[in-house]
Amino acid sequence: MSFYLDTSLLVAALTVETATDRVHLWLETQPAVEYHISDWTATEASSAFALKQRSGQITAPERAQALTLFHRLQRESLITLTVLSAHFQIAARFLDASDRGLRAGDALHLAIAGEQGLRLVTLDRRMAEAGLALGIETQLL
(Lines give C-alpha, C1' and ligand atoms only; values in the text may rest on other atoms or scores of the structure.)
Protein backbone atom coordinates (compact mmCIF):
# COMPACT_ATOMS: atom_id res chain seq x y z
CA MET A 1 0.00 0.00 0.00
CA SER A 2 1.20 3.50 -0.84
CA PHE A 3 -0.16 6.65 0.74
CA TYR A 4 -0.29 10.29 -0.25
CA LEU A 5 -0.05 12.34 2.94
CA ASP A 6 -2.07 15.53 3.07
CA THR A 7 -0.43 18.62 4.54
CA SER A 8 -2.81 18.64 7.51
CA LEU A 9 -1.46 15.28 8.61
CA LEU A 10 2.18 16.34 8.34
CA VAL A 11 1.64 19.64 10.14
CA ALA A 12 -0.07 17.79 12.99
CA ALA A 13 2.81 15.30 13.09
CA LEU A 14 5.43 18.06 13.35
CA THR A 15 3.71 20.50 15.71
CA VAL A 16 1.45 20.10 18.72
CA GLU A 17 -2.22 19.90 17.75
CA THR A 18 -5.23 17.99 19.02
CA ALA A 19 -4.63 15.36 16.31
CA THR A 20 -0.89 14.96 16.93
CA ASP A 21 -1.12 11.80 19.07
CA ARG A 22 -3.60 10.22 16.64
CA VAL A 23 -1.29 10.95 13.67
CA HIS A 24 1.79 9.62 15.48
CA LEU A 25 -0.06 6.42 16.42
CA TRP A 26 -1.25 5.91 12.84
CA LEU A 27 2.25 6.46 11.44
CA GLU A 28 3.81 4.11 13.99
CA THR A 29 1.36 1.30 13.24
CA GLN A 30 1.70 1.29 9.46
CA PRO A 31 3.55 -1.61 7.88
CA ALA A 32 6.46 -0.80 5.59
CA VAL A 33 4.83 1.42 3.01
CA GLU A 34 5.73 4.27 0.71
CA TYR A 35 4.65 7.75 1.73
CA HIS A 36 4.19 10.36 -1.00
CA ILE A 37 3.74 14.09 -0.96
CA SER A 38 3.93 16.68 -3.73
CA ASP A 39 5.75 19.91 -4.33
CA TRP A 40 2.46 21.57 -3.36
CA THR A 41 2.62 19.88 0.07
CA ALA A 42 5.94 21.57 0.76
CA THR A 43 4.46 24.96 -0.14
CA GLU A 44 1.41 24.40 2.04
CA ALA A 45 3.50 23.17 4.98
CA SER A 46 5.64 26.31 4.89
CA SER A 47 2.48 28.41 4.80
CA ALA A 48 0.91 26.48 7.69
CA PHE A 49 3.98 26.84 9.90
CA ALA A 50 4.14 30.58 9.15
CA LEU A 51 0.43 30.97 9.97
CA LYS A 52 0.92 29.09 13.24
CA GLN A 53 3.71 31.49 14.16
CA ARG A 54 1.77 34.63 13.16
CA SER A 55 -1.23 33.47 15.19
CA GLY A 56 0.89 32.73 18.26
CA GLN A 57 0.38 28.96 18.18
CA ILE A 58 4.14 28.38 17.85
CA THR A 59 7.25 30.49 18.38
CA ALA A 60 9.83 31.39 15.75
CA PRO A 61 12.22 28.69 17.03
CA GLU A 62 9.41 26.12 16.96
CA ARG A 63 8.61 27.14 13.39
CA ALA A 64 12.26 26.75 12.40
CA GLN A 65 12.38 23.34 14.05
CA ALA A 66 9.18 22.20 12.30
CA LEU A 67 10.56 23.34 8.94
CA THR A 68 13.85 21.55 9.57
CA LEU A 69 12.02 18.35 10.53
CA PHE A 70 9.74 18.62 7.51
CA HIS A 71 12.65 19.01 5.09
CA ARG A 72 14.57 16.14 6.70
CA LEU A 73 11.48 13.93 6.52
CA GLN A 74 10.99 14.95 2.90
CA ARG A 75 14.59 14.06 2.01
CA GLU A 76 14.83 10.84 3.97
CA SER A 77 11.38 9.25 4.10
CA LEU A 78 8.98 10.76 1.58
CA ILE A 79 8.65 10.48 -2.17
CA THR A 80 7.99 13.95 -3.56
CA LEU A 81 5.86 14.02 -6.69
CA THR A 82 6.14 16.83 -9.20
CA VAL A 83 2.97 18.82 -9.78
CA LEU A 84 2.14 18.74 -13.48
CA SER A 85 -0.06 20.96 -15.60
CA ALA A 86 -2.43 18.00 -15.97
CA HIS A 87 -2.90 17.93 -12.18
CA PHE A 88 -4.13 21.52 -12.23
CA GLN A 89 -6.56 20.67 -15.03
CA ILE A 90 -7.89 17.64 -13.13
CA ALA A 91 -8.20 19.73 -9.97
CA ALA A 92 -10.23 22.34 -11.88
CA ARG A 93 -12.58 19.59 -13.11
CA PHE A 94 -12.95 18.34 -9.54
CA LEU A 95 -13.87 21.84 -8.41
CA ASP A 96 -16.36 22.20 -11.26
CA ALA A 97 -17.98 18.85 -10.43
CA SER A 98 -18.07 19.20 -6.68
CA ASP A 99 -20.52 21.12 -4.55
CA ARG A 100 -18.87 19.93 -1.35
CA GLY A 101 -16.92 23.11 -0.56
CA LEU A 102 -13.67 21.68 -1.89
CA ARG A 103 -10.82 24.19 -1.84
CA ALA A 104 -8.40 24.58 -4.76
CA GLY A 105 -5.37 23.27 -2.87
CA ASP A 106 -7.30 20.25 -1.66
CA ALA A 107 -8.53 19.53 -5.18
CA LEU A 108 -4.91 19.63 -6.32
CA HIS A 109 -3.91 17.08 -3.65
CA LEU A 110 -6.79 14.85 -4.73
CA ALA A 111 -5.83 15.16 -8.40
CA ILE A 112 -2.24 14.14 -7.70
CA ALA A 113 -3.16 11.24 -5.42
CA GLY A 114 -5.85 10.02 -7.80
CA GLU A 115 -3.63 10.23 -10.87
CA GLN A 116 -0.93 8.23 -9.07
CA GLY A 117 -3.38 5.65 -7.69
CA LEU A 118 -2.47 6.51 -4.09
CA ARG A 119 -4.68 6.51 -1.02
CA LEU A 120 -4.89 10.08 0.29
CA VAL A 121 -4.68 10.27 4.08
CA THR A 122 -5.97 13.47 5.67
CA LEU A 123 -7.37 15.07 8.79
CA ASP A 124 -9.75 17.15 6.65
CA ARG A 125 -13.23 15.60 6.66
CA ARG A 126 -14.47 17.79 3.78
CA MET A 127 -11.55 16.75 1.59
CA ALA A 128 -11.96 13.06 2.46
CA GLU A 129 -15.66 13.14 1.63
CA ALA A 130 -15.06 14.98 -1.64
CA GLY A 131 -12.33 12.51 -2.58
CA LEU A 132 -14.62 9.54 -2.02
CA ALA A 133 -17.37 11.22 -4.03
CA LEU A 134 -14.87 11.76 -6.85
CA GLY A 135 -13.80 8.11 -6.78
CA ILE A 136 -10.44 8.65 -5.09
CA GLU A 137 -9.47 6.37 -2.25
CA THR A 138 -9.21 8.48 0.89
CA GLN A 139 -8.71 7.81 4.57
CA LEU A 140 -9.77 10.24 7.26
CA LEU A 141 -7.79 10.02 10.49
Please determine, by comparing only the residues of segment 17-41 that are touching a helix residue (DSSP H, G or I) at 6+ places or on another chain (Cβ under 9 Å), open to solvent by 30 Å² or more (accessible area, probe 1.4 Å) and outside any helix (DSSP H, G or I), which one is farthest from VAL83 (Cα to Cα).
THR18
Within segment 67-77, residues being free of Cβ contacts under 8 Å to residues at least 60 places away in the same chain and either open to solvent by 90 Å² or more (accessible area, probe 1.4 Å) or of a type outside the set (Ser, Thr, Tyr) (or both) number 7
Please tell me if ALA13 is farther than 21 Å from LEU81 by Cα, small (Gly, Ala, Ser) and either in contact (Cβ under 8 Å) with a residue 60 or more places away in the chain or buried (at least 16 other Cβ atoms within 10 Å of the Cβ) (or both).
no
For segment 95-112, pairs from a residue that is open to solvent by 20 Å² or more (accessible area, probe 1.4 Å) to a residue that is not in a helix (DSSP H, G or I), with Cβ under 8 Å and 6 or more apart or across chains, are LEU95/LEU102; ALA97/LEU134; SER98/LEU134
Does ILE90 satisfy being open to solvent by less than 50 Å² (accessible area, probe 1.4 Å), farther than 23 Å from LEU141 by Cα and part of a helix (DSSP H, G or I)?
yes
Please specify each residue of segment 124-141 satisfying the condition of being under 17 Å from GLY105 (Cα atoms), open to solvent by less than 40 Å² (accessible area, probe 1.4 Å) and either outside any strand (DSSP E or B) or small (Gly, Ala, Ser) (or both).
ASP124, MET127, ALA128, ALA130, GLY131, ILE136
Being touching an Asp or Glu at 6+ places or on another chain (Cβ under 9 Å) and part of a helix (DSSP H, G or I) is the filter; apply it to segment 45-66 and report the residue that is most open to solvent (accessible area, probe 1.4 Å).
GLN53
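The values are calculated or read from the model by the stated rules, or taken from the named source; none is laboratory data. Please read these numbers as outputs of a predicted model, since none were measured by experiment. Counting neighbours? That spans all protein chains shown, and the Cβs are built from the backbone with ideal geometry, glycine included. For the accessible areas, the whole protein counts, side chains as well, though only heavy atoms, and no ligand, DNA or RNA atoms are used. Shrake-Rupley method; radii C 1.70, N 1.55, O 1.52, S 1.80 Å.
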